[in-house]
Amino acid sequence: MEEAGEQLIIGLSPWTRVDADKDKLAELRLAAKNRNVVWLTYSSLEGDAEERAVEPIGLAWKGSAWYLYAYCRLRKDSRTFKLSRIRKLRVDMEVFPRRKERLVDLDAKWGRWKMRSYITMVLRFHPRVRVRVEEYFGPEQMTVEEDGSLLVRSEHPIDTWLYGLLLSYGPDVRVLEPELLAEEISGQAGRVAELYGQFSQ
């Protein structure tokens, strides 16, 4: 392409993690190919670290992150592990027997599990954040109201990432439905306000 005078760069990692997972990807890909057991030090969302012995099956790019699909010997079931939460890894010389589940089977299972945690939400955005709203939700999920505000109806997994996304809009978004999500955002915004309240005193 360069010889033809064209240039193209495809960057799939967030700006701050361009090279962070390269070594992990290479080691895990080789371990999956050779069926070597891998020992992981894995952190939960709460920051608790735990060592796991896993049998890697393959890797997948989901949303904006890399995931390892593997059989977890601790849980005695297949699991997905987000690479950014793997603090340490060590490839063992032990070779595990091939299991029945293929990578495509695990991916389908992961998709079904994620869908169970989806909610339908209705959001109202201020017109000044229209570009951001279009970029994330897409114009097909938007309705422009008479006053210019944007009404968005969308399905989304309910998790800490969603809370962070909505809070990043500050006062430019209001959760109309469901009430449970609105209460959670209100509570988190209140705790943030309390944290910084000392500076206004």
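The values are calculated or read from the model by the stated rules, or taken from the named source; none is laboratory data. If you're wondering where the values come from, they're calculated on a predicted model, not measured in any experiment. Note that we place each Cβ from the backbone using ideal geometry, even for glycine, and neighbour counts take in every protein chain shown. Accessible surface is based on the protein model in full, side chains and every heavy atom, while ligands, DNA and RNA are left aside. Shrake-Rupley method; radii C 1.70, N 1.55, O 1.52, S 1.80 Å.
Which order do LYS100, LYS76 take by accessible area at a 1.4 Å probe, largest first?
Greatest to least solvent exposure: LYS100, LYS76.
Compute the Cα gyration tensor for the range 26-85, then decide on rounded, prolate or oblate, letting a ≥ b ≥ c be the square roots of its eigenvalues: rounded whenever a/c is under 1.5, prolate when a/b is larger than b/c in the other cases, and oblate in all that remain.
Judged from the Cα gyration tensor, the range 26-85 comes out oblate (a/c at least 1.5, b/c at or above a/b).
If each of LEU25 and GLU183 carries a label point 7 Å out from its Cα toward its Cβ, how far apart are those two points in nm?
Here the answer is 4.2 nm between the modelled labels.
Mind ranking TYR67, TYR136 by accessible surface for me, highest first, 1.4 Å probe?
TYR136, TYR67
Within the set of other residues whose C-beta is less than 13 Å from the C-beta of THR120, count the net charge using Lys and Arg as +1 and Asp and Glu as -1.
Numbers: positive: ARG153; negative: GLU155, GLU177, GLU179.
Around THR120, the surrounding residues sum to -2.
May I ask for the net charge around VAL133, where only other residues with Cβ less than 14 Å from the Cβ of VAL133 are counted and Lys, Arg are +1 while Asp, Glu are -1?
+1
Given N residues in the range 97-201, what is its alpha carbon radius of gyration divided by 2.2 N^0.38 Å? Intermediate values should be presented prior to the final figure.
On the way: Rg = 17.9 Å, N = 105, 2.2 N^0.38 = 12.9 Å.
Here the answer is 1.39, to two decimals.
At a probe size of 1.4 Å, how large is the accessible area of SER64, to the nearest 10 Å²?
Here the accessible area works out near 70 Å².
Could you size up the charge dipole of the range 131-201 around its Cα centre, putting +1 on the beta carbon of Lys and Arg and -1 on that of Asp and Glu, and report it in debye to the nearest 20?
With Lys and Arg at +1 and Asp and Glu at -1, about 320 debye.
Can you work out the accessible area per residue across the range 91-201, with the rest of the protein chains kept in place, probe 1.4 Å, in square angstrom?
That works out to 71 Å² for each residue.
Roughly how big is the range 22-85's charge dipole about its Cα centre, with Cβ charges of +1 (Lys, Arg) and -1 (Asp, Glu), in debye to the nearest 20?
300 debye
Mind giving me the nanometre distance, one decimal, between the label points for TRP161 and ARG191, set 7 Å out from Cα along Cα→Cβ?
Here the answer is 2.0 nm between the modelled labels.
By how many nm would the segment from ARG153 to ALA49 grow when fully extended, if each residue of separation counts as 0.36 nm and the alpha-carbon distance is taken off? All intermediate terms of the calculation are to be shown ahead of the outcome.
On the way: separation 104, 0.36 × 104 = 37.44 nm, distance 3.68 nm.
Additional length available on full extension: 33.8 nm.
Of ASP77, ASP172, which has the most accessible area with a 1.4 Å probe, and how do the rest follow in descending order?
ASP77, ASP172
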